[in-house]
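Working notes, beginning with the structure itself.
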Amino acid sequence: MSSLFSPLALGGFQLRNRIALPPLTRCRSEQPGNIPGDMMVEYYRQRASAGFMITEGTQIEPRGQGYAWTPGIHSEAQIAGWKKVVDAVHQEGGTIFCQLWHVGRVSHNALQPNMQPPVAPSAVTATGVRVFIQTGPGTGMLTAPSEPRELTIREVKEIVELYRIAAENAKKAGFDGVELHSANGYLINQFISEHTNFRTDEYGGSLDNRLRFLREVTEAVSSVFGSHRVGVRFAPLFSSTDEERVYLGLVESDPHATYIRAAEVLNELEVGYLSIAEADWDNSPDMPESFRAALRETFHSPIMYSGRYTQQKAELILEKGWGDLFGFGRTFIANPDLPARINEGYPLNSADQSTLYGGTEKGYTDYPVYSS
């Protein structure tokens with residue numbers, strides 16, 4: 001049997017395997033209201049044999065949305081929709097965390113309440129990225145983000161509280177825990193990055209100041225679930241050779257020092273796990289082994305990796321002791337019974353790239369399970 005089927009203790013749970021469904025934006029929430037509906041219930045239920053599941057990015061407030069048709073967790077209808085998802089996963093014996101998301105500057109006036117500018121640590125427009133806005137029922141377009149406005153200190157602290165409330169809402173929906181989306185150039189990442197945070201107050205300047213927002217948000221959601229049921233996702237990029245494909249260009253001048261210090265902070269706060277999103281485009285560079293080793297030495301709870309992982313790569317990282325849990329993104333999209341396929345050595349379906357974002361059941365809940 002593959003080593004990926006050894007059990008793993010995480011946040012007080014005993015995970016039945018190390019094959020995870022990572023957060024995957026699919027833009028299938030019901031409109032109006034960005035509400036998880038029956039189609040999303042079925043999608044997550046189908047994949048509940050994963051040892052661990054994290055929802056797609058779920059905005060904590062209306063300003064936190066950067067793409068049309070993504071779900072939220074700030075209204076009663078959204079909480080009720082997510083409860084149906086969670087109940088379906090639990091009925092299948094699964095464990096599921098909600099990924100709490102705020103896009104910050106990676107948004108457009110059309111997605112913001114009253115057509116206001118997006119909010120950010122500093123008034124710096126995102127480049128090299130597109131957001132998705134609705135142009136009509138079921139139709140939309142990719143467009144450049146709007147210029148953001150800088151948050152005041154009072155507003156920053158209000159957003160910390162909104163994260164806490166979102167965690168409360170996730171608990172009402174029955175989620176087993178929450179993951180903070182601190183990667184891919186979104187709000188928490190914008191506070192951390194030297195390229196997007198030019199503040200001169202307590203939230204800017206030194207690295208520890210730039211990590212202050214992450215610390216406060218982590219403490220806020222930990223007050224709801226307990227720190228061991230909180231995870232944090234980072235995308236530590238070590239190369240900017242292909243700027244259009246790099247996650248919004250946020251490659252720090254010293255990514256090793258930045259993210260090892262961030263891991264130290266989270267280890268002090270005793271969070272339940274770290275999730276590391278690796279570069280996943282064609283011919284993307286491998287993450288430095290020196291970083292993996294330093295991360296393992298620094299952070300003492302489980303570490304999850306994802307980004308073009310195969311069974312063989314996951315087993316290798318597990319054998320070396322660098323990681324404990326592995327997200328299979330597009331592979332899990334196309335293979336709802338992925339753990340069984342890995343266990344039995346069955347062939348894998350390929351993902352339909354044209355149906356990844358938005359649409360109907362096609363390319364969402366209609367992928368077949370294996371039948372011999």
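The values are calculated or read from the model by the stated rules, or taken from the named source; none is laboratory data. Computed from a prediction, not measured in an experiment: that's the story for all the values here. Here the Cβ is made from the backbone with ideal geometry for all residues, glycine too, and neighbour counts use every protein chain on show.
Checked against (1) in contact with a Ser or Thr (Cβ under 9 Å, 6 or more places away or on another chain); (2) surrounded by 16 or more Cβ atoms within 10 Å (Cβ to Cβ), E216 passes all but condition (1). Cβ-Cβ distances below 8 Å connect the following pairs, each with a first residue in the range 149-167 that is in contact (Cβ under 8 Å) with a residue 60 or more places away in the chain, a second residue that is of a type in the set (D, E, K, R) and assigned to a helix (DSSP H, G or I), and a separation of six or more residues or different chains: V160/E216.
Based on this model, can you work out whether R28 counts as basic (K, R), in contact with a Gly (Cβ under 8 Å, 6 or more places away or on another chain) and closer than 20 Å to G358 by Cα? Spell out the reasoning first.
On the way: basic (K, R): yes; in contact with a Gly (Cβ under 8 Å, 6 or more places away or on another chain): yes; closer than 20 Å to G358 by Cα: yes.
Yes; evaluated as a whole, the condition is true for this residue.
Residue pairs whose Cβ atoms lie under 7 Å apart, separated by 6 or more positions or on different chains, with the first residue in the range 33-47 and modelled with pLDDT under 95 and the second among the polar types (S, T, N, Q), do not occur. Scan the strands (runs of 3 or more DSSP E) fully inside the range 19-108 and keep the ones with 1 or more residues being polar (S, T, N, Q). Once the strands (runs of 3 or more DSSP E) in the range 19-108 are filtered for at least 1 residues that are polar (S, T, N, Q), what remains is 96-101. Evaluation of V129 against the conditions (1) modelled with pLDDT of 95 or more; (2) surrounded by fewer than 19 Cβ atoms within 10 Å (Cβ to Cβ) shows that the sole unmet condition is (1). Among the residues of the range 314-324, are any farther than 22 Å from I96 by Cα, exposed (fewer than 15 other Cβ atoms within 10 Å of the Cβ) and among the aliphatic types (A, V, I, L, M)? Looking through the range 314-324, at least one residue is farther than 22 Å from I96 by Cα, exposed (fewer than 15 other Cβ atoms within 10 Å of the Cβ) and among the aliphatic types (A, V, I, L, M). With the requirement that a residue be farther than 17 Å from S29 by Cβ and of a type in the set (S, T, N, Q), what does the range 125-134 give you? Correct list: T125, T127.
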